[in-house]
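All remarks here apply to the structure that follows.
What follows draws every value from the coordinates through simple rules; no lab data is involved. Predicted model, so just to flag it, every value in this text is computed and none were measured. Here the Cβ positions follow ideal geometry from the backbone for every residue, glycine too, while neighbour counts run over all protein chains shown.
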Amino acid sequence: MIHISHGPVGCGYWSWSGRRNYYIGTTGIDTFGTMHFTSDFQERDVVFGGDKKLTKMIQEIEELFPLNNGISVQSECPIGLIGDDIEAVAKKASKDTGKPCIPVRCEGFRGVSQSLGHHIANDAIRDWVFPKADKAAKENTLDYEQGPYDVAIIGDYNIGGDAWSSRILLEEIGLRVVAQWSGEGEVLLTGLL
């Protein structure tokens, strides 16, 4: 997935690009964990809103990185103050691209230790990804073959890289990690996205 920081560039740097990420793939082709995507909010955007800018950005991302499995939009503090409707933009983008676009309204990644922001991110997965997966499972259209040892790591915040060690240990004992969030923000199964 591509993760957009919808707000000023400085906010995005600290919310995503300034942290380490565990990922597999080729950067810019099928993996985007180390790339920083931001709507680069300016004063004009605060006054007139950033919905159109966000829509254009999602369209450009789709053109430039067609192998992405979807997009998430994390709103930064100014977005919460002016009330951009990231949910409406995400719903339209998902319909237009045929890929998930998941809005995460987590201004400042809220909470004393950012814990509320992680809960909000988990809720976004529950509300925007699971319903699609449930529907695909009922219609037998999941692009995924379930194994007997699949696990999802939910609630790892990966503050100091601890999730990487946990993941390696789980895989070494024969489990298959199919999803890991919100610290890594990844769902490995294309059928869920």
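Things worth noting here:
- Taking 23 Å as the limit for the C-alpha separation, the pairs Lys56/Lys138; Lys95/Lys135; Lys53/Lys132; Lys95/Lys132 exceed it in the case of Lys56/Lys138; Lys53/Lys132.
- Taking a straight Cα-Cα cut-off under 16 Å and skipping sequence neighbours fewer than 8 places away in the same chain, the aspartates and glutamates within cross-link reach of Lys99 are Asp30, Glu60, Glu62, Glu63, Glu87, Asp127, Asp134, Asp143, Glu186.
- Magnitude of the charge dipole, region 2-138, Cβ model with Lys/Arg +1 and Asp/Glu -1, debye to 20: 380 debye
- Estimated translational D of region 2-138 in µm²/s (Stokes, Kirkwood radius over Cα pairs; 10 °C; 1.306 mPa s): 104 µm²/s
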